[in-house]
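Okay, so here's the structure we're looking at.
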Amino acid sequence: MEETILKTVKVTKIYNQGKHNEVVPVRDASLAVGRGMAVVLKGPSGSGKTTLLSMIGCQIKPTYGEIVVKGKPVSKLPEKFANLHKRQHIGFVFQQFHLVPDLSVLDNIMLPLLPWGMSPLERRRRAEELLTEFELTPRRQFKVRDLSGGEQQRVAISRSLINGCTVLLADEPTAHLDAQLTADFLGYMNDLKQKGYTILIASHDPVVCENAMVDRIIEMKNGEIVS
Amino acid sequence: MEAPSPSGSWLERQRCIIDYSLQSLFRRRTKNGLILIMYVLLIFVVSSVFFITGSLTVELFSTVDELPDITVQKLIGGRQTSIQESYFPAIREIPGVGDVQPRVWGYFYLQELQANFTVYGMDLNQLEAGDYQRIIDWKPVPQNTREHPDFRMVIGEGVYRLLKEIQMQDSFLFFQPNWESAIPFDIIGTFKSETQLQSNDLMVMQTEGARRVLELKPGDFTDLVVHVPNPEETEMIALKIRRYYPELRTVTRSQIESTYTSAFNWKGGFVLSSMLVVIFAFLVLIWDKASGLSPAEKKEIGILKAIGWDTEMILSVKFWESFIISFCAAICGVILSYFYIYWLHAPGFKEIFIGWSTIYPEFKLVPDIDIKFLLLIVTVTVIPYSAIAVFPSWKAAITDTDFILRNN
Amino acid sequence: MILNPWILTLLTGHGTLFFVFTLATINAWWIFRGWDFNASSEKQYRLEKRTYLVSSVMNLTLVIQMLMLVLMVMAADELAKTLPGAMCATGTLSSNEYGFPLLLVKIGSFFIYFVWLVLNLLDNQLETYPLVRAKYLALVFIYPVMVSETVLLLLFTVHLDPTRITSCCGSIYNESSAGLGGTMAGSSPVLTLALFFTAVLAILVWYGMEQTRGTHPTVKKGVLEIGLWIWLFMSALLTVISFISTYIYEMLSHKCPFCFLKQEYFYIGVPLYLFLFLATATGLTKGVLQWLGAEGQLGEKAARFRQKMGQMSIVCLLAYIVVGYAPFIIYFLRTGRTI
């Protein structure tokens with residue numbers, strides 16, 4: 001029985017609960033993802049997949065239900081401890097990448113390490129490793145705003161991996177990419193999966209859903225998991 | 001990539017935070033530069049006030065030992081008048097009194113130059129022979145001084161400069177409208193600049209000459225000074241003098257000390273309290289600037305939170321940013337102020353503190369730095385600034401990551 | 001007198017902190033009222049976010065408040081120059097009826113703030129924030145202390161009168177004068193030393209017993225420990241005036257507890273009081289930590305904190321004894337007799 005890395009039990013998120021403008025983007029979502037699996041959360045815009053992904057990634061707290069990441073329940077944890085767990089175990093790639101435009105590639109990649117109180121040398125070493133792996137070394141001192149879309153994506157992926165996590169969450173990673181870059185991205189994901197990473201991607205892109213590395217597709221509609 | 005070892009120590013984390021804060025400050029250098037400049041100016045003024053009051057107090061206290069233990073004056077109708085010889089024996093008899101010395105001195109106002117001189121009478125032969133001889137630049141004795149030994153004087157540098165303007169630097173004519181004739185005084189020396197604080201507007205002349213100029217009758221004196229060997233007894237003796245002679249007023253040295261210190265502090269406080277308006281305006285400005293964190297700054301906070309930074313860490317960054325600015329401003333302000341007060345001798349500022357006279361001493365202020373003073377600067381400036389900067393940052397730091405990132 | 005730079009500084013610093021403390025206390029009350037860790041409502045999340053603000057702000061505020069005690073003593077010393085009859089902080093503080101009460105409140109609040117800061121630190125390290133309600137309620141009770149400090153400071157500064165003669169330390173800390181100062185100065189050194197060293201012994205024995213017999217914390221033990229440290233602090237102050245000062249000044253009649261903070265005595269007062277205050281603060285905190293019991297994560301964490309506080313308190317106490325009694329030992333070795 002493979003180890004369950006990510007699990008949600010009847011997770012619900014309600015905004016403005018009890019008010020006239022109440023919104024329920026996710027309702028009673030339950031899923032489980034095992035170690036080394038690549039799973040896609042599929043659904044149209046507004047189906048709640050981004051919200052669910054954000055909750056699993058400890059970005060938002062659920063209103064009801066339980067979320068377990070690498071064996072630890074995180075829904076009730078105060079932000080400080082949820083963050084600690086997140087830092088240790090989860091890497092997140094955002095749809096818009098969300099890199100700091102004024103910082104260099106190197107500095108952006110090292111950002112998640114500052115809360116660790118790591119020495120500058122050690123930070124550099126880890127960042128250089130990733131720069132090499134993702135062929136970003138010639139661009140290390142460039143400001144992020146001067147990079148192309150594909151390069152920014154590679155920076156975003158590097159940043160998400162620098163904390164040595166083995167769980168990668170990606171939100172609509174191919175939304176702004178052309179076919180070639182999408183293929184590159186899926187190539188990276190496959191490499192990571194081979195290394196034992198657990199991957200959860202929220203996407204409605206058929207190219208992603210139909211890729212060979214995907215082990216399972218979970219469909220969402222109107223905030224609920226339908227399959 | 002292996003997972004990092006558990007979080008480093010608090011100190012190491014602070015180091016990382018400070019690293020980031022410095023970088024962040026540099027990235028927004030225009031805005032932060034302006035704030036820094038304003039802040040430096042503020043601290044410059046505050047520390048200049050402290051420096052100058054400190055130095056002048058030191059200067060003053062160094063001369064305070066020269067002040068008489070008790071000065072006795074006679075009052076009639078609340079105004080000071082001359083005191084008669086007849087008081088001396090009784091005061092001398094009071095137990096504990098060491099010596100009683102009458103003094104002849106006063107002010108002479110020169111209309112043409114709008115200058116007030118202090119006239120002091122003493123035996124100039126004693127001046128020539130005694131300890132004070134070395135603080136005077138003696139001039140060659142003019143021919144006719146031997147005929148008028150009473151009409152000689154030694155003057156301060158400030159007086160000398162003024163008299164030079166009217167070509168009277170060798171001999172000065174004293175005259176008042178009610179006098180029969182003018183009295184010429186020969187200037188036989190000037191006080192050296194190291195005594196400027198005391199001697200700048202001083203004219204020391206032969207006692208009889210001083211009497212004439214000040215129109216004091218024979219047997220009358222301006223006041224008395226009483227020397228009391230044991231300082232513990234000063235207050236008691238002063239009290240006794242006032243009891244025996246209710247028409248006499250006593251001023252002790254410690255009373256003068258307190259008054260001078262209060263006056264300096266009062267002036268200092270006055271300048272400072274007008275600064276409070278500026279300080280307040282500055283705080284409002286900072287709040288305004290900080291609460292309107294730019295969209296870019298807000299987004300950056302959102303990104304940091306999204307990648308795993310705590311609210312606490314973000315607040316720490318903001319705290320360190322404001323602390324670094326205010327601390328650097330404090331250092332720069334203090335150094336600039338030191339330079340201004342002790343190298344440039346505080347042009348413009350000095351005049352507020354040292355006197356109402358038209359004759360300004362050119363003396364050099366002595367540096368008096370106290371660690372307590374630096375602590376004061378920190379309390380007055382760094383603390384309010386750092387404290388206030390936290391609130392607006394907190395507001396941004398607690399907003400849902402999602403919300404920030406979607407909306408910026 | 002209010003335009004004196006020192007006074008303006010004290011009032012500005014204190015005023016800022018008072019304003020910030022008030023805002024934080026209001027928030028603390030809301031948190032206390034609404035806190036329910038097990039709720040997942042938006043309201044609870046909002047309260048949680050508020051705790052970050054209150055926590056950070058109070059950390060900063062209380063640390064600075066503790067520094068203000070130091071600043072106040074320095075200011076009192078400086079202000080002595082403008083008050084007739086005053087030669088040191090004693091003269092300034094005794095120049096009106098608010099000076100010494102202000103000092104006493106400030107000393108008391110120093111310890112209260114220290115304990116709160118340690119409890120806050122402890123609470124923030126536990127995932128369930130078990131002490132949130134207790135500590136924010138405590139903050140609401142601490143607020144009046146802050147208010148009284150501020151009021152006393154205002155009254156004290158407004159009533160400072162440079163035309164009124166005040167007593168110097170020589171007349172206050174004099175055996176023949178009435179009042180607390182005189183009584184303290186006149187108390188027999190043998191008695192005060194006995195009181196002090198008995199307290200030291202009691203604390204050492206207590207700690208020793210804890211080490212050997214194991215530490216099961218109870219409220220009663222906590223209260224006892226707090227009592228011991230209060231006894232130690234008061235008797236230490238007595239010995240400072242009746243004994244230690246004599247050997248610092250090498251004069252039987254000079255017993256002022258402030259004069260030896262000055263440069264001419266090599267600022268010996270600074271480490272002396274620093275160690276005494278730290279020892280007492282950490283000791284008191286250790287006592288309060290006994291109230292948290294031994295159960296669960298809280299108990300475990302509290303035990304680790306108690307150990308640290310205990311170690312610090314002993315180290316500081318010993319350092320205090322060394323600094324305080326060195327002048328006596330030096331004098332005795334030099335002259336072969338006592339004063």
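DSSP loop GluC sites (Glu not before Pro) in segment A:98-179 with at most 13 other Cβ atoms within 10 Å of their Cβ, which ones?
A:E135
With each pseudo-label sitting 7 Å past Cα toward Cβ, what's the B:L374-B:F327 distance in nm, one decimal?
For B:L374 paired with B:F327, the spin-label model returns 1.2 nm.
Output needed for chain C: three equivalent-ellipsoid semi-axes, defined as square roots of 5 times the C-alpha gyration tensor eigenvalues, in descending order, whole Å.
Its equivalent ellipsoid spans semi-axes of 38, 28, 14 Å.
Which whole-number percent is the relative contact order of chain C (Cα, under 8 Å, 6+ apart)?
17 percent.
Compute and list, largest first, the equivalent-ellipsoid semi-axes of the protein assembly as shown from the alpha carbon gyration tensor, each √(5λ) rounded to a whole angstrom.
Output for the protein assembly as shown: semi-axes of 74, 37, 22 Å.
Could you quote the convex hull projected area for segment B:99-227, Cα atoms only and averaged over all directions, in nm²?
Answer in nm², one decimal: 8.5.
Name the residue farthest towards the positive end of the dipole of the protein assembly as shown from the options B:Q111, B:L336, B:I35, assuming +1 on Cβ of Lys and Arg, -1 on Cβ of Asp and Glu, about the Cα centre.
Final value for the positive-end residue is B:I35.
Out of the GluC sites (Glu not before Pro) in segment B:63-167, which ones are loop residues according to DSSP with at most 15 other C-beta atoms within 10 Å?
B:E66, B:E112, B:E147
Quick check on the exposure proxy: order A:K70, B:K192, A:K13 from fewest to most C-beta atoms within 10 angstrom.
B:K192, A:K70, A:K13
Calculated from DSSP H runs of 4 or more alone, at -39500 (n - 2.57) each and per residue, what is the 222 nm mean residue ellipticity of chain C, nearest 500?
Estimated from H runs of four or more residues: -25500 deg cm²/dmol.
Treating the beta-carbon of each Lys and Arg as +1 and of each Asp and Glu as -1, no other charges, what is the dipole magnitude of segment C:172-339 about its Cα centre, to the nearest 20 debye?
Computed about the Cα centre, the dipole is about 280 debye.
How tilted is helix A:79-89 with respect to the longest principal axis of chain A? Cα atoms for both, answer in degrees (0 to 90, nearest 10).
It works out to around 60 degrees.
How do C:W206, B:W10 line up, fewest other C-beta atoms within 10 Å first?
Ordered by Cβ neighbours within 10 Å, fewest first: B:W10, C:W206.
Between segment A:1-36 and segment C:272-339, what's the alpha-carbon centroid distance in Å?
If we compute the Cα centre of each part, the gap is 52 Å.
Cα convex hull of segment A:85-227: mean projected area in nm², to one decimal?
9.2
Only sites in a loop by DSSP and with at most 11 other Cβ atoms within 10 Å count here; which GluC sites (Glu not before Pro) in segment C:233-339 make the cut?
Hits after loop and neighbour filter: C:E295.
Quick one: helix C:99-123 against the long Cα principal axis of chain C, what's the angle to the nearest 10°, folded into 0 to 90?
Taking the Cα atoms of chain C, the angle to C:99-123 is about 30 degrees.
Which entries in the list B:K395/C:K286; B:K217/B:K350; A:K10/B:K318; A:K193/B:K305; B:K192/C:K262 go over 32 Å, if you measure between the two C-alpha atoms of each?
Over 32 Å Cα-Cα: B:K395/C:K286; B:K217/B:K350; A:K10/B:K318; B:K192/C:K262.
Can you tell me the dipole magnitude for the protein assembly as shown around its Cα centre, using point charges on the Cβ only (Lys, Arg +1; Asp, Glu -1), in Debye to the nearest 20?
It works out to roughly 3360 debye.
I'd like the antiparallel share, as a percent to the nearest 5, of DSSP beta bridges with both residues in the protein assembly as shown.
65
Out of all Cα-Cα pairs in segment C:1-111, roughly what percent, to the nearest whole number, are more than 24 Å apart?
42
Expressed as a rounded percentage, what relative contact order does segment C:146-216 have, with Cα pairs under 8 Å and six or more residues apart?
Computed over segment C:146-216, the figure is 13 percent.
So if R0 is 35 Å, what FRET efficiency would A:A32 and A:T132 give, r being the distance between their Cβ atoms, rounded to the nearest 0.05?
0.50
When the scattering of segment B:4-88 is computed by the Debye formula from its Cα atoms alone, each counted once and equally, what is log10 I(q)/I(0) at q = 0.18 Å⁻¹?
Values returned for q = 0.18 Å⁻¹ are -0.96.
In the structure displayed, which of A:K49/C:K49; A:K76/C:K308; A:K49/A:K70 lie more than 24 Å apart, Cα to Cα?
In this structure, A:K49/C:K49; A:K76/C:K308 lie more than 24 Å apart at Cα.
What do you get for the angle between helix C:269-289 and the principal long axis of chain C? Use alpha-carbon atoms, 0 to 90 degrees, nearest ten.
Between the helix axis and the principal axis of chain C, the angle is about 30 degrees.
State the answer as a single residue: which of A:I201, A:P120, A:L131 lies farthest towards the positive end of the charge dipole of segment A:115-208, with beta carbon charges of +1 for Lys and Arg and -1 for Asp and Glu, about the Cα centre.
About the Cα centre, the residue reaching furthest to the positive side is A:P120.
What percentages, rounded to whole numbers, describe P(r) for segment C:172-339 computed over all alpha carbon pairs with 10 Å bin width beginning at zero?
10, 35, 29, 17, 8, 1
Every number in this text was worked out from the coordinates using simple rules, so none of it is lab data. What you see is a predicted model, and the numbers here were worked out from it, not measured in a lab. Note: ideal-geometry Cβ built from the backbone for every residue, glycine included; neighbour counts use all protein chains shown.
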